[in-house]
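Undergrad: Here you go, one structure.
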Amino acid sequence: MKISVIFGHPRKGSFNHAIAKTAVSALKNNGYEVIFHDLYKEKFDPIVTCGEIAKNSRSNPVIKRYRNEISRADGIVVIHPNWWGQPPAVLKGWLDRVMCAGVAYNFKEGDKGEGVPIGLLKARVGLVFNTSDTRPLREKEVFGDPLETIWKNCIFGLCGVKIFYRKIYSIVVTSTLTQRKDWLEDVRKTVNKYFP
């Protein structure tokens, strides 16, 4: 089974990198084929071209490869920091260019896009690991936890991924080495639970 791991953090050696390494290692230890994309390292171009917007439009070979991979994935794991209640721009651009109509979702025949989409992704499980420097209670009470809404409802739920789980680790900037070790153990356990 193939698991697509999409990673978006620019700084080498970040805690996000440690999360990604832990998740990939756990998946491989459990016998999964992992397709790993470090979007910053790959210099992924997040800018959607006008020609890509239309359904069934031609995409360049790089975007076509990403689209083929995500449509064939049996599971998806995403790792990124919380920046302004959103994924980093490179990851948002990946979503815009890769998770498009005809790949991740479609509309009923005769629907011109005003209805409820039908999810097309094969993936059974979607996991998201976030880091943040905002306390979880503040994230929920003040901001409404926008990342939960984006990933659960606007992306995975809309694209047909039935099982969704998101874990946020905070506050990273003041975390201790012991906390980080515990968090990485939690990443491993979470991956093992959803991808045994």
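The values are calculated or read from the model by the stated rules, or taken from the named source; none is laboratory data. These numbers were taken from a predicted model, which means no experiment stands behind them. Glycine gets a Cβ as well: all are built from the backbone with ideal geometry, and neighbour counts include every protein chain shown.
Undergrad: Give the stretch 170-196 a look and list any residue that's surrounded by 15 or more Cβ atoms within 10 Å (Cβ to Cβ), modelled with pLDDT of 95 or more and not in a helix (DSSP H, G or I), or say none.
TA: Phe195
Undergrad: Follow-up. Does at least one position in the stretch 79-100 carry a residue that is of a type outside the set (Phe, Trp, Tyr) and farther than 29 Å from Ser14 by Cα?
TA: Yes, some residue in the stretch 79-100 is of a type outside the set (Phe, Trp, Tyr) and farther than 29 Å from Ser14 by Cα.
Undergrad: Right, something else. From the list Leu137, Leu121, which residue is part of a loop (DSSP other than H, G, I, E, B) and either without any contact (Cβ under 8 Å) to a residue 24 or more places away in the chain or closer than 22 Å to Ser59 by Cβ (or both)?
TA: Result: Leu121 is the single residue among Leu137, Leu121 that is part of a loop (DSSP other than H, G, I, E, B) and either without any contact (Cβ under 8 Å) to a residue 24 or more places away in the chain or closer than 22 Å to Ser59 by Cβ (or both).
Undergrad: Run down Arg11, Arg67 and say which single residue is surrounded by fewer than 20 Cβ atoms within 10 Å (Cβ to Cβ), touching a residue at least 24 places away in the same chain (Cβ under 8 Å) and not in a strand (DSSP E or B).
TA: Arg67
Undergrad: Determine whether the stretch 71-85 contains at least one residue that is at pLDDT below 95 and in a strand (DSSP E or B).
TA: Within the stretch 71-85, one or more residues are at pLDDT below 95 and in a strand (DSSP E or B).
Undergrad: What do you reckon, is Val161 buried (at least 18 other Cβ atoms within 10 Å of the Cβ), touching a residue at least 24 places away in the same chain (Cβ under 8 Å) and farther than 16 Å from Asn82 by Cα?
TA: Judged against the criteria, Val161 is a match.
Undergrad: While we're on this one: Which residue out of Phe36, Phe44 is surrounded by 12 or more Cβ atoms within 10 Å (Cβ to Cβ), in contact with a strand residue (DSSP E or B) (Cβ under 9 Å, 6 or more places away or on another chain) and assigned to a loop (DSSP other than H, G, I, E, B)?
TA: So the residue among Phe36, Phe44 that is surrounded by 12 or more Cβ atoms within 10 Å (Cβ to Cβ), in contact with a strand residue (DSSP E or B) (Cβ under 9 Å, 6 or more places away or on another chain) and assigned to a loop (DSSP other than H, G, I, E, B) is Phe44.
Undergrad: So, one more: Does Gly31 satisfy the condition of being at positive phi, assigned to a loop (DSSP other than H, G, I, E, B) and at pLDDT below 95?
TA: The answer is no for Gly31.
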